[in-house]
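Only one structure is covered here, and it is reproduced in the block below.
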There are 2 protein chains.
Amino acid sequence: MTITTINQHKVFGGNLTQCNHQSNTVNCTMRFSVFMPSSASKENPVPVLYWLSGLTCTDENFMQKAGALRVAEQLGIAIVAPDTSPRGTDVPDDSNQAYDFGLGAGFYVNASQAPWQQHYQMYDYIRYELPQLITQHFPVSAQRAISGHSMGGHGALVLALRNRDFYSSVSAFSPICHPVNCPWGEKAFSHYLGDNKDDWQQYDASILISKTGRQLPMLVHQGGGDEFLEQQLQPQALLDAAKRKHYPLEFNMMDGYDHSYYFISSFIEQHLQFHAQHFKR
Amino acid sequence: MTITTINQHKVFGGNLTQCNHQSNTVNCTMRFSVFMPSSASKENPVPVLYWLSGLTCTDENFMQKAGALRVAEQLGIAIVAPDTSPRGTDVPDDSNQAYDFGLGAGFYVNASQAPWQQHYQMYDYIRYELPQLITQHFPVSAQRAISGHSMGGHGALVLALRNRDFYSSVSAFSPICHPVNCPWGEKAFSHYLGDNKDDWQQYDASILISKTGRQLPMLVHQGGGDEFLEQQLQPQALLDAAKRKHYPLEFNMMDGYDHSYYFISSFIEQHLQFHAQHFKR
């Protein structure tokens, strides 16, 4: 597996590299960004946080806007931000180019339905191909965590709850907590996965959290002034399910914060500290 | 003078507000963004840093990408980021819509030439109208500093050197230090100010620093890997002029950093600390 460097920036003493590669999983050229702290080397491989972005984002938004790189440099953590969907002229998109389905909206599932299934295999891309690629090309250790925002918060929770030993911890900002039961999720899942709602459950954090398994550490921040809170995000479903299962979810409702990167930037340091603490165990 | 709030975000406990207003100076609707730390109130007016952005930017880039708001909240400093030019359908632009002249490229001068002079009065806008507007509508004290990047670094140095008692300190990232003698400056000044180069000198920091007056504290960071360093930015001209005048310029050449906001974010904390220190005197 080869990668091509598109560009590099020195930042906080570390290095941010934007790359692309030909993905066998999603069958197109995929772009991702990697921040490596200055302490990382072959002799000192560092733990890595995978960050999954929300609707309309690319690999760039988090690196530019979250203010995470200062803290990642201090803590000696690598950050990998993939794109949010396959891209390219032969990748099908929503027929109306809507923002909430198709390009920029892969929802971190493996599509089973035509014409989506040829490219929209984002679950397997994040779980298998991307970590293999990162391990091969960058000095990272076997310790890894996962986090994300909105659609990417959903993705992070789902990936972690289905792979509880692969990740040491998970966190999310404003995640779509119960996608089988909200407009964004229903639109995406009915197209990618078909009309049988039984097939949707493997991608719903509020359902997966009830499954038996290691209770990996989980931290969630949600803005109280988020315009998508009640209809799309539904954190209460996750909280209720966690309570029934006695799952120790650290949930923080933050008064007045909205759905933007200004919210993420305000609390990203806490999330990185949380993951660093669990890397050390 | 009235302002209209376009939107607001809670961030780091403070508030970021994007506004517009009808400007009498540049004769169009102008947009700006203001961050107010949570400590600010009528009873506790706070000092304010004016930030001038570079070519192609609006009022948004710095607020989204610089990572400054965390530190501004901690230090209790307001930040005001204006747009980089007049805008609107009746504001003339470069005939080729080039990025380095016209819209997004006001260069912080008062144009004297047709058709630019009706709107391109950015020097007076930054120096007079904007501070009056901010003082009227936000709880800021009479203490103010100014900073900026690239074209905005040029603007900050020029504004400060011509108004040495109005600002308590000045700083810049990668400023255009000697615009009368570089391609960006020559293009902009010849259009905005005409062909008489004597009229250009009032907007050149390397010339203004030699004038008699208070030596207000000045901090500059420049990336050593900046693609525009030698042809456009020419920090050596500023350093030479400062040396001749025994002006105590704090200049930092940072190996490997480029012209991007990743560079700004890496050192913005030092700049805010620098201004805070001089607010206190």
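Read-outs throughout are calculated quantities, based only on the coordinates presented, and are distinct from any laboratory measurement. Since this is a predicted model, take the numbers as computed values, not measurements. Using ideal geometry, Cβ is built from the backbone for each residue, glycine included, and neighbour counts are taken over all protein chains shown.
Dipole of the protein assembly as shown (Lys/Arg Cβ +1, Asp/Glu Cβ -1, origin at the Cα centre): which of A:118, B:175, A:141 lies farthest to the positive side? Final value for the positive-end residue is A:141.
As a rough footprinting exposure proxy, the listed residues A:1, B:254, B:63, A:253 were ranked by other beta carbons within 10 Å of their own, and the order from fewest upward is A:1, A:253, B:254, B:63. The value of relative contact order for chain B, using C-alpha pairs under 8 Å at least six residues apart, is 17 percent.
How big is D, in µm² s⁻¹, for the protein assembly as shown by Stokes-Einstein at 10 °C and 1.306 mPa s if Rh is the Kirkwood radius over C-alpha pairs? Here the translational diffusion coefficient equals 63 µm²/s. Its relative contact order, with pairs defined as Cα atoms under 8 Å and 6+ residues apart, puts region B:197-281 at 35 percent. The mean number of partner chain beta-carbon atoms within 10 angstrom of a residue's beta-carbon across peptide A:266-274 is 1. Placing +1 on the Cβ of each Lys and Arg and -1 on the Cβ of each Asp and Glu in region B:192-262, which of B:257, B:194, B:217 has its Cα farthest towards the positive end of the resulting dipole? In region B:192-262, that residue is B:217. Residue of chain A with the Cβ closest to the rotation axis carrying A onto B, and that distance rounded to whole Å: A:67, 2. Restricting the calculation to Cα atoms, chain B yields a radius of gyration followed by a Dmax of 17.5, 50 Å.
Please report, to one decimal in angstroms, the Kirkwood hydrodynamic radius of region A:152-281 built from all distinct Cα-Cα pairs.
Numbers: mean 1/r = 0.0667 Å⁻¹.
Taking every pair of different Cα atoms in region A:152-281, averaging 1/r and inverting gives 15.0 Å.
Counting Cβ atoms of other protein chains within 10 Å of each residue's Cβ and taking the mean over peptide A:61-70 gives 4.
Scanning residues 5 or more positions from residue A:52 or on other chains, those with amide H under 5 Å from its amide H are A:147, A:148, A:149, with H placed 1.01 Å from N in the peptide plane. Pairs from the table (B:187/B:245; A:65/B:10; A:42/B:65; B:245/B:280; A:211/A:243; A:65/B:280) lying more than 19 angstrom apart at Cα are B:187/B:245; A:42/B:65; B:245/B:280; A:65/B:280.
Selection among A:96, A:67, A:53 by position relative to the dipole of region A:6-118 gives A:67 as farthest towards the positive end (Cβ unit charges, Cα centre).
Plainly put, the tip 7 Å out from Cα toward Cβ on residue A:245 is 6.6 nm from that tip on each other copy, the closest given first. With a 10 Å cut-off around each Cβ of A:252-262, the average count of Cβ atoms from other chains is 4.
Of the peptides B:211-220, A:181-190, A:166-175, the ranking by mean beta-carbon count within 10 Å, highest at the top, reads A:166-175, A:181-190, B:211-220.
Using Stokes-Einstein with the Kirkwood hydrodynamic radius over Cα pairs, what translational diffusion coefficient do you get for region A:59-186 at 4 °C and a viscosity of 1.567 mPa s, in µm²/s rounded to a whole number?
Values: Rh = 15.7 Å.
It comes out at roughly 83 µm²/s.
Only Cα pairs under 8 Å and at least 6 apart count here; give the relative contact order of region B:131-257 as a rounded whole percent. Walk me through the numbers before you get to the answer.
Values: 220 pairs, mean separation 32.2, N = 127.
Averaging sequence separation for qualifying contacts and normalising by length gives 25 percent for region B:131-257.
Dimensions of region A:25-77 based on its C-alpha atoms, expressed as ranges along the principal axes with the largest first, amount to 34, 26, 12 Å.
When Rg and the Kirkwood Rh are both derived from Cα coordinates, the Rg/Rh ratio for region B:60-104 amounts to 1.17.
With N set to the residue count of region A:1-141, report its C-alpha Rg divided by 2.2 N^0.38 Å to two decimal places.
Working: Rg = 15.3 Å, N = 141, 2.2 N^0.38 = 14.4 Å.
Against the empirical 2.2 N^0.38 Å value, I get 1.06 for region A:1-141.
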